[in-house]
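The values are calculated or read from the model by the stated rules, or taken from the named source; none is laboratory data. Remember, predicted model here, so these are calculated numbers, not experimental data. Don't worry about glycine lacking a Cβ; one is built from the backbone with ideal geometry, like all the others, and counts go over all protein chains shown. Accessible surface areas use protein heavy atoms only, side chains included; no ligands, DNA or RNA. Shrake-Rupley method; radii C 1.70, N 1.55, O 1.52, S 1.80 Å.
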Amino acid sequence: MQSPLPSPLTDIPGIGPATAEGFTRAGIASAEALRAMGADAAYEAWLRAGNPPHFIGYYALVMALQGRPWNDCRGAEKDALRLRFDAMKARTQGKEKGHPGIEAALDEIGVGLRR
């Protein structure tokens, strides 16, 4: 018996086409793969692929994988997620695919990519 086809990333609440594209660039191509990795490993892969960091996107992913709405994140829980997010950013800074650190260097001199 054949195994079922993998589910698209957009089956996870809050993941639209643009976010799905970013996770695909990070090598995560299905909802099952993202769930198996967990939010932190998946978001770290997102950052290493050169996708922009965004705290709300990170904690919305954490909430979605727990079956909770994104705006359910508050108080101490949100503060703890911010620490995890900042640690991921620090670990991945300058280690993105492509030209490591070039965007940070361009930002430093005021000519970086405008988003």
inquiry  = Along the Cα→Cβ direction, 7 angstrom out, place labels at residue 56 and residue 35. What is the inter-label distance in nm?
reply    = 2.7 nm
ask   = Tell me, what % of the accessible area of the range 32-101 is carbon and sulfur with a 1.4 angstrom probe?
value = 57 percent
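Taking 0.36 nm per intervening residue step and subtracting the Cα-Cα distance, what contour gain separates residue 111 from residue 70 on full extension? Walk me through the numbers on the way to the answer.
Values: separation 41, 0.36 × 41 = 14.76 nm, distance 3.33 nm.
Result: 11.4 nm gained on full extension.
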